[in-house]
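Have a look at the structure below before the remarks.
The values are calculated or read from the model by the stated rules, or taken from the named source; none is laboratory data. What you see is a predicted model, and the numbers here were worked out from it, not measured in a lab. Cβ: placed from backbone, ideal geometry, glycine included. Neighbour counts: every protein chain shown.
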Amino acid sequence: MNEAKGTALITGASSGIGTLYADRLARQGYDLILVARNATKLERVAQAIRKATGRQIDTLPADLANPAELLLVEARLANERSITLLVNNAGIGSTARALDADVDTMSAMVSLNVEALMRLTYAVVPAFVARGRGTIVNIASIVAVAPEVLNGVYGGSKAFVLAFSQNLRHELDGTGVGVQVVLPGATATDFWDIAGTPVEHLPGEIVMRADQFVDAALTGLARGEFATIPSLHDESRWAAFEAARQAMAGELSTSTPAARYLAA
Ligand code: NAP
């Protein structure tokens, strides 16, 4: 075990953003536990990173949308004391419109993007708080704040990730446990094939390379950011959005309806 950094458990590490997190975190000195369904791909990723870094890389094949398999990952997070970082990255998207979307596919997306992320976080938080140390990185999406862009259930699932992370940051303040939420814009991975629109169909100027995205997200983490949006160039946009939200928050619950709702 690497005492300095500890172990990072990364979900969705068999491809795309998760594989790059695995590579970069191992190079930073973390040992890894890699989770995804495809055991062969996971082992291939693990072997390449072991060879490049000499770190201890375990694989834990699991379908996180399957409650029994999810429980195995929850148990590992709750009980393995070396774990210092959870990267909740596994997720699927959709570009289908509500009238065309298959509701069972939507449910499967909610199971992974919402339910699994929530349960894995709940598994690790007590352990991190007890040790006064740990970091949770939740991969959301820019659709968390722009749900009109893609499928609405996908946008809603990522709005959950953002809101859940905002609450966690608030509740875990002072415990020594850190929370980062990352909002990728379009990133060149297999995600788009699975979502129903190959990435080649998107205008090149809105698509970021996955390695650039992950390096930027890790820079955000090192800067101590809560919300990291690698593709948002004008940082003051998020600050203004957040300031407006927080200013309104104190006015959202009152004993009387607003004047505009009182009968004339
Ligand atoms: P990706 O290349 O398709 O990777 C998705 C990962 O999730 C794979 O490792 C996949 O592995 C794993 N996964 C899928 N279903 C799973 C399940 N039921 N149980 C366990 N693992 C599962 O896509 P990506 O772009 O790297 O996506 C990573 C995250 O970024 C997602 O949360 C996505 O919503 C978010 N994101 C991506 C973009 C983008 O443009 N690419 C934009 C915004 C947000 P297996 O198939 O082996 O299970």
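Values computed for the structure shown
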read-out: G156 vs. criteria of a type in the set (G, A, S) and assigned to a loop (DSSP other than H, G, I, E, B); value: no
read-out: Every residue from region 111-144 that is within 12 Å of the ligand (Cβ to nearest atom) and among the β-branched types (V, I, T); value: V114, V137, I139, I142, V143
read-out: Count - residues of region 94-114 that are part of a helix (DSSP H, G or I) and free of Cβ contacts under 8 Å to residues at least 24 places away in the same chain; value: 4
read-out: Single residue of region 133-153 satisfying the filter (assigned to a loop (DSSP other than H, G, I, E, B) and among the β-branched types (V, I, T)) that is farthest from A227 (Cα to Cα); value: V149
read-out: Candidates A26, A52, A75 - the one that is more than 15 Å from the ligand (Cβ to nearest atom), buried (at least 23 other Cβ atoms within 10 Å of the Cβ) and either part of a helix (DSSP H, G or I) or at positive phi (or both); value: A26
read-out: Selection within region 78-93 - more than 10 Å from the ligand (Cβ to nearest atom), surrounded by 19 or more Cβ atoms within 10 Å (Cβ to Cβ) and either in a loop (DSSP other than H, G, I, E, B) or among the small types (G, A, S) (or both); value: none
read-out: Criterion violated by R97 - all others in (1) over 29 Å from V207 (Cα atoms); (2) more than 9 Å from the ligand (Cβ to nearest atom); (3) of a type in the set (D, E, K, R) satisfied; value: (1)
read-out: Residue among G178, G220, G174 that alone is at pLDDT 95 or above, closer than 25 Å to T84 by Cβ and over 16 Å from the mean Cα position of the chain (by Cα); value: G174
read-out: Sole exception among (1) within 12 Å of the ligand (Cβ to nearest atom); (2) at pLDDT 95 or above for P198, by number; value: (2)
read-out: When residues of region 34-49 are limited to those that are away from the ligand (no atom under 13 Å from the Cβ) and among the hydrophobic types (A, V, I, L, M, F, W, C), the one surrounded by the fewest Cβ atoms within 10 Å (Cβ to Cβ); value: A48
read-out: Those residues of region 55-72 which are buried (at least 20 other Cβ atoms within 10 Å of the Cβ) and part of a helix (DSSP H, G or I), in sequence order; value: L70
